[in-house]
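Colleague: Input: one structure, supplied below.
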């Protein structure tokens, strides 16, 4: 069956996107405001979105819509309950960032563990020039070999992060959590992971049960030399608590690729943190050229397989 297919936020994906073979018409918009969603999706059977919110109030005005193809793994922008109740399929992307996100996480880990930003700052300030020997030791440098990596979220990205950690000679612990759980994984009690990990890396979805999972109480349970890495979702961490933890020295540092609100047009307290032991990148851990093209190809495949009656990667 042929459908009108509309991509509402094409600018969010830097890759080649081919027209689906089942598209009677294919339209792309660089970005779409909430007020523009319904007019642009009139007559559309398939909507492609990345971060455009598809809430019940919007969906009830689109009776012809049959599939929402999400150009991402996370689908919290979609009212899945409404879609389930009204026969709208929702498909997301799987396993496209299994290399790029773990690599970015370890770029942050290495930079922080070895205090690279602090040493670079010292070099720029002329400290090396004034050194009495060939080097200087103004900041601690930690090895990854022999350290403990705590991972919260044992999906494909969490597993790939563990693989890199083991290659560095790290001990890997997966934090326990309520079902559903990945089979074949050995879990360690959550609080034990907080207490023993030298590096904690977040790779779990943002759900009501995981919002502010890392709060001030959690920071107090962590080692004073621990690093917190978040390449998952901003809402997993209480941002005010993170700032306090850094100020009080409850942890040694943090590397974040996500914020609670993105983009932070109205500001965010983390944007004002100017410390060499804190790194903030603009949600680009997923965005290697190879990963984005893989995503784009799977996105269209999801649509075509759904049109053919053999859908994959459905969440609703």
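Table: residues versus (1) exposed (fewer than 15 other Cβ atoms within 10 Å of the Cβ); (2) out of contact with any strand residue (DSSP E or B) (no Cβ under 7 Å at 6 or more places or on another chain); (3) part of a helix (DSSP H, G or I); (4) at pLDDT below 95.
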position	(1), (2), (3), (4)
242	no, no, yes, no
255	no, no, no, no
294	no, yes, yes, no
299	no, no, yes, no
316	no, no, no, yes
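Colleague: Let me ask another. Exactly one condition in (1) within 24 Å of residue 221 (Cα to Cα); (2) out of contact with any helix residue (DSSP H, G or I) (no Cβ under 8 Å at 6 or more places or on another chain); (3) without any contact (Cβ under 8 Å) to a residue 60 or more places away in the chain is false for residue 175; which is it?
Modeller: In the conditions (1) within 24 Å of residue 221 (Cα to Cα); (2) out of contact with any helix residue (DSSP H, G or I) (no Cβ under 8 Å at 6 or more places or on another chain); (3) without any contact (Cβ under 8 Å) to a residue 60 or more places away in the chain, residue 175 misses (2) alone.
Colleague: Here's a follow-up. Being over 22 Å from the mean Cα position of the chain (by Cα) and crowded, with 16+ Cβ neighbours inside 10 Å is the filter here, so list the residues in the stretch 41-60 that pass it.
Modeller: Of everything in the stretch 41-60, those that are over 22 Å from the mean Cα position of the chain (by Cα) and crowded, with 16+ Cβ neighbours inside 10 Å turn out to be 41, 44, 45, 46, 47, 58, 59.
Colleague: Just for the stretch 164-210: of the residues that are assigned to a loop (DSSP other than H, G, I, E, B) and under 18 Å from the mean Cα position of the chain (by Cα), which one is surrounded by the fewest Cβ atoms within 10 Å (Cβ to Cβ)?
Modeller: My answer is 208.
Colleague: Something else about it: From the set of residues in the stretch 244-253 that are in a loop (DSSP other than H, G, I, E, B) and out of contact with any helix residue (DSSP H, G or I) (no Cβ under 7 Å at 6 or more places or on another chain), which is surrounded by the fewest Cβ atoms within 10 Å (Cβ to Cβ)?
Modeller: For the stretch 244-253, the residue satisfying everything is 249.
Colleague: Still on this model: Between a residue in the stretch 233-250 that is assigned by TED's automatic domain parsing to the domain that holds residue 220 and at positive phi and any residue that is at pLDDT 95 or above and surrounded by fewer than 20 Cβ atoms within 10 Å (Cβ to Cβ), which pairs come within a Cβ distance under 7 Å, given they are 6 or more apart or on different chains?
Modeller: So the pair list comes out as 249/224.
Colleague: Considering only the stretch 172-224, how many residues are on the phi > 0 side of the Ramachandran plot and in contact with a strand residue (DSSP E or B) (Cβ under 8 Å, 6 or more places away or on another chain)?
Modeller: Going through the stretch 172-224 one residue at a time, the tally reaches 1.
Colleague: Residue by residue through the stretch 104-132, note down the ones that are in a loop (DSSP other than H, G, I, E, B) and touching a residue at least 60 places away in the same chain (Cβ under 8 Å).
Modeller: The answer is 115, and nothing else.
Colleague: Of all residues in the stretch 77-119, how many are modelled with pLDDT under 95 and crowded, with 22+ Cβ neighbours inside 10 Å?
Modeller: Qualifying residue count for the region: 2.
Colleague: Could you check residue 287 against (1) in contact (Cβ under 8 Å) with a residue 12 or more places away in the chain; (2) surrounded by fewer than 18 Cβ atoms within 10 Å (Cβ to Cβ); (3) closer than 23 Å to residue 71 by Cβ and say which number it fails?
Modeller: Result: residue 287 fails condition (2) only.
The values are calculated or read from the model by the stated rules, or taken from the named source; none is laboratory data. All values reported here derive from a predicted model rather than from experimental measurement. Methodologically, a virtual Cβ is constructed for each residue, glycine included, from the backbone with ideal geometry; neighbour enumeration extends over all protein chains shown.
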